[in-house]
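Here, each number is a calculation from the coordinates, and none is a lab measurement. The structure presented is a predicted model; accordingly, all values stated were derived computationally and were not measured. A quick note on method: Cβ atoms are made from the backbone with ideal geometry, for glycine too, and the neighbour counts reach across all protein chains shown.
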């Protein structure tokens with residue numbers, strides 16, 4: 001068998017090894033690359049930057065451990081940014097396995113800013129019902145979540161009474177911004193369709209890279225004030241808030257992985273056409 | 001007759017409540033009520049789903065079908081996590097017990113510091129993240145083997161994919177500073193136009209189907225029986 005045919009029929013384990021090397025090398029030698037800020041990422045940052053101290057946001061953390069690598073850096077950076085600006089957070093998830101991830105993120109960031117549970121942030125937990133839950137939250141948070149993730153009644157949490165002049169927080173409209181970190185269904189698309197337009201609540205989204213192209217129409221129409229797409233989005237956001245984390249660290253690895261895949265596509269095609277031309281000339 | 005007519009009638013009533021609450025203030029309470037019912041029904045369907053998974057896998061184990069060992073592992077996982085996350089908290093609350101601990105971890109509950117949370121963090125999280133992470137390897141292998149530029153459309157797809165892949169990561173700018181600009185153009189012009197067309201088309205289709213359900217014309221959602 002000729003060399004070009006052997007390359008075309010390359011065992012996939014060699015490709016796996018190549019990918020492993022491409023992704024692990026930048027992590028081992030700590031390569032960092034300069035990052036570019038996109039207008040969509042800038043929109044996400046500025047929407048949070050515009051919030052005032054004491055404002056409240058609703059944080060919809062809609063992902064499970066499958067999306068952890070891409071979305072954890074975004075969630076951690078968003079929490080850091082919100083706590084730094086002294087913004088209060090009401091968080092929940094519509095994904096069954098999402099609650100512990102939100103709890104871990106809170107526990108990782110809140111102590112850094114001396115934030116107190118129930119006063120500065122709340123974790124409502126998980127509720128099944130997808131779009132129905134979204135619409136119900138727009139009407140009454142207490143109807144959907146009578147208690148928080150820890151079983152505490154919402155009325156006994158000071159944050160839930162910290163609206164204007166001490167009024168209770170009971171609707172999504174009692175918050176200033178909807179921050180959605182999502183990996184699929186239910187996620188950004190459903191929040192835009194069910195809540196953004198219906199309750200006229202400004203919204204930003206951080207999503208998996210594979211979903212980002214679907215949400216560009218919502219950015220251009222102004223329904224999403226900002227969008228972070230995948231690890232690249234997390235990295236640019238981390239750079240904007242001057243808090244380098246896993247997003248920035250992972251970008252070098254992702255860069256090399258993307259280049260490797262692009263080169264593999266080119267190489268596969270070159271070998272394919274080369275072998276086909278050789279076969280045709282022989283016959 | 002009742003098997004078809006009653007569900008169609010129910011779908012019409014529920015649908016009109018949903019539409020009505022946008023136009024008539026008096027219909028909002030009814031709409032809210034229907035949505036709360038939907039939340040409860042969806043939650044109940046999860047229990048039904050779990051029961052179905054248990055039934056199917058019990059059958060698989062009892063008949064010693066292919067890969068029955070995996071089914072047994074799945075059932076053991078459901079039993080353990082269900083016991084720790086659902087049964088023990090209920091029992092604990094009923095007997096007003098103190099701190100139930102095992103190896104320093106709380107036994108009753110699902111929050112941090114409990115055995116449930118420990119298993120979630122140490123077993124479920126790494127396994128789930130690994131499954132997702134493996135995609136990178138399979139995508140690379142598939143890209144090399146299957147992504148062949150046999151037609152002009154495939155060539156267009158390949159060129160766009162390579163530009164966006166390289167342009168979305170910092171190394172793209174290092175290679176040539178025009179790549180990120182090209183990426184932005186692809187995302188904001190051709191991608192946006194196609195996605196918007198799909199979205200508007202799907203929305204119009206949704207409206208048409210919704211209207212057919214509201215008028216009792218659409219019956220496919222009942223199934224073929």
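Miscellaneous remarks
- Considering only the protein assembly as shown, percent of DSSP beta bridges that pair antiparallel, nearest 5: 10
- Cα-based equivalent ellipsoid, segment A:222-283: semi-axes from gyration tensor eigenvalues, Å: 42, 15, 5
- Calculated SAXS-style log₁₀ I(q)/I(0) at q = 0.35 Å⁻¹ - segment B:95-134, Debye, Cα scatterers: -1.08
- Gyration tensor (Cα) of segment B:147-212, equivalent ellipsoid semi-axes in angstrom: 32, 16, 8
- Annotation: peptides B:75-82, B:98-105, B:30-37, ranked by per-residue average of other Cβ atoms within 10 Å with the highest first, follow the order B:30-37, B:75-82, B:98-105.
- Cβ-to-Cβ counts within 10 Å put B:92, A:258, A:30, A:123 in ascending order as A:30, B:92, A:258, A:123, the fewest first.
- For the peptide A:140-147, the mean number of other protein chain Cβ atoms found within 10 angstrom of a residue's Cβ is 1.
- With Cα atoms, 0 to 90° folded angle of helix A:68-84 axis to chain A main axis: 40
- Using only alpha carbons, segment B:1-87 has a radius of gyration to Kirkwood radius ratio (Rg to Rh) of 1.24.
- Overall form of chain A per C-alpha gyration tensor (a/c, 1.5; a/b vs b/c): prolate
- Averaged over A:216-225, number of beta-carbon atoms from partner chains that fall within 10 Å: 3
- Summed over qualifying helices (DSSP H, 4 residues or more, each -39500 (n - 2.57)) and divided by its residue number, chain A shows a 222 nm mean residue ellipticity of -15000 deg cm²/dmol.
- Segment A:131-222 has equivalent-ellipsoid semi-axes of 27, 15, 11 Å, by the square roots of 5 times the alpha carbon gyration tensor eigenvalues, sorted largest first.
- Shielding by partners for peptide B:61-73, expressed as the average number of C-beta atoms from other protein chains within 10 Å of each residue's C-beta, is 0.
- With 5 Å bins from 0: P(r) over segment B:27-130, alpha-carbon pairs, percent: 2, 11, 13, 15, 16, 15, 13, 8, 4, 2, 1
- Folded to 0 to 90 degrees: helix A:12-29 orientation relative to chain A principal axis, Cα: 60
- This ranking places A:218, A:117 by how few other beta-carbon atoms lie within 10 Å of each, fewest first, which gives A:117, A:218.
- Shape category assigned to chain B from the gyration tensor of Cα positions, a/c cut at 1.5: oblate
- C-alpha long axis of helix A:39-49 to longest principal axis of chain A, angle in °: 20
- Cα-based shape type of segment A:13-102, given that a ≥ b ≥ c are square roots of the gyration tensor eigenvalues and the cut on a/c is 1.5: oblate
- In the protein assembly as shown, the alpha-carbon atoms span a convex hull of 229 Å³ per residue.
- Cα-based convex hull, segment B:59-100, per residue volume (Å³, whole number): 67
- Mean Cα-pair separation over length for chain B, i.e. relative contact order, pairs under 8 Å, 6 or more apart, %: 17
- Evaluated at q = 0.20 Å⁻¹, the base-10 log of the normalised Debye intensity for segment A:140-283, with identical point scatterers placed on the Cα atoms, takes the values -1.18.
- Here the relative contact order of segment B:76-154, from alpha carbon pairs under 8 Å that lie six or more residues apart, stands at 19 percent.
- Estimated [θ] at 222 nm from DSSP helical runs (n ≥ 4, -39500 (n - 2.57)) normalised by residues in chain B, nearest 500: -23500 deg cm²/dmol
- Order of B:39, A:219, B:159, B:90 - criterion: other Cβ atoms within 10 Å of each residue's Cβ, fewest first: B:90, B:159, B:39, A:219
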